[in-house]
1. Quote to one decimal, in nm, the extra length available between T89 and K165 on full extension: 0.36 nm per residue of separation minus the C-alpha distance between them.
2. How would you order 189-196, 161-168 from highest to lowest mean count of nearby Cβ atoms within 10 Å?
3. So who's got an amide H within less than 5 Å of the one on V54, skipping anything under 5 residues away but keeping other chains? H placed 1.01 Å off N, in plane.
4. Give the value in nm², to one decimal: projected area of the alpha carbon convex hull of the range 25-124, averaged over all directions.
5. From the list (i) 20.1; (ii) 17.8; (iii) 18.7, can you say which value of Kirkwood radius over Cα pairs in Å was derived from the structure given?
6. Could you give the accessible area per residue of the chain, probe 1.4 Å, as a whole number in Å²?
7. What percent antiparallel are the DSSP beta bridges of the range 52-177, to the nearest 5?
8. Hey, with R₀ at 30 Å, roughly what FRET efficiency would V191 and E46 work out to, going by the Cβ-Cβ distance, to 0.05?
Amino acid sequence: MKSSGSRPDAAPGRAAPGRAAALGRAALSRVVVPGSVTEAVAVQEELRPLVDLVGPGPSAPATVAGLDVAYGQGGDLLAAAVTVLDAGTLEVVDSAVSVGEPAFDYVPGLFAFRELPALLTALDRLSVLPDLLVCDGHGLAHPRRFGLACHLGVVTGLPAIGVGKTPLVGTWDPPAAERGAWSPLRDGGDVVGRVLRTQGGVKPVFVSVGHRMSLENATAQALALAPRYRLPETTRTADRLSRDALASAEQTD
């Protein structure tokens with residue numbers, strides 16, 4: 001399945017004022033905020049054929065973005081964060097946040113609709129256009145094969161993968177204990193991702209294709225982004241930023 005979206009042509013890793021913003025605004029214009037669960041499912045079914053599950057995607061990205069969302073205690077406030085890392089040093093080279101209300105109700109399998117507008121607003125505020133999006137969540141490993149990483153990839157046109165802390169669907173055998181070991185994540189007879197051991201002797205993560213990436217490359221990128229800890233540095237930095245932004249917003253209120 002191939003997307004008809006055009007490939008961004010900015011030089012990898014180069015600060016490009018306006019390019020990320022233009023991409024974010026264009027993606028926001030394509031986001032449908034559904035009025036019901038039925039409408040949300042229909043949007044997922046409509047967009048799913050646009051997902052590119054072949055890739056192969058960038059094998060040596062210059063910049064990689066982490067995306068994460070933190071929620072307030074009452075669930076009516078969220079902070080979405082995007083951090084852009086130099087893929088070689090894993091240092092943060094750009095970041096942005098967006099604080100607001102969830103755009104949709106809490107419904108398992110429809111989280112993308114809660115978070116997409118805020119994440120795209122944060123993306124709109126970047127000055128560095130990332131080569132790859134790494135979502136704290138899932139892509140193909142989703143009940144309708146269209147998780148957050150797929151949705152973000154389709155509306156932005158950027159390569160995207162999902163790296164989840166816990167599974168949403170599927171069964172698997174535990175991978176071997178050493179770093180880099182993996183086993184297939186299967187659901188309904190389909191391989192929808194990989195269960196990847198990013199550090200020896202720790203719990204694995206759940207990697208799936210979002211858009212314009214192969215599963216082999218998604219696995220390699222997830223492992224490269226986690227040289228010291230279980231979670232990729234993209235997720236760790238975006239998580240800290242989203243939590244800090246949320247705490248600041250709650251203090252202001």
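The values are calculated or read from the model by the stated rules, or taken from the named source; none is laboratory data. All figures in this text were calculated on a predicted structure; none of them were measured in a lab. Positions of Cβ are backbone-derived with ideal geometry, glycine not excepted, and every protein chain shown enters the neighbour counts. Note: areas computed on protein heavy atoms with side chains; ligands, DNA, RNA excluded. Shrake-Rupley method; radii C 1.70, N 1.55, O 1.52, S 1.80 Å.
1. Difference between extended and current length: 25.0 nm.
2. In decreasing order of mean packing, 189-196, 161-168 become 161-168, 189-196.
3. Hits under the 5 Å cutoff: R212, M213.
4. Convex hull of Cα atoms, orientation-averaged projection: 7.7 nm².
5. It is the one labelled (ii).
6. The answer is 43 Å² per residue.
7. Restricted to the range 52-177, the bridges split so that about 70 percent are antiparallel.
8. The formula returns an efficiency of 0.80 here.
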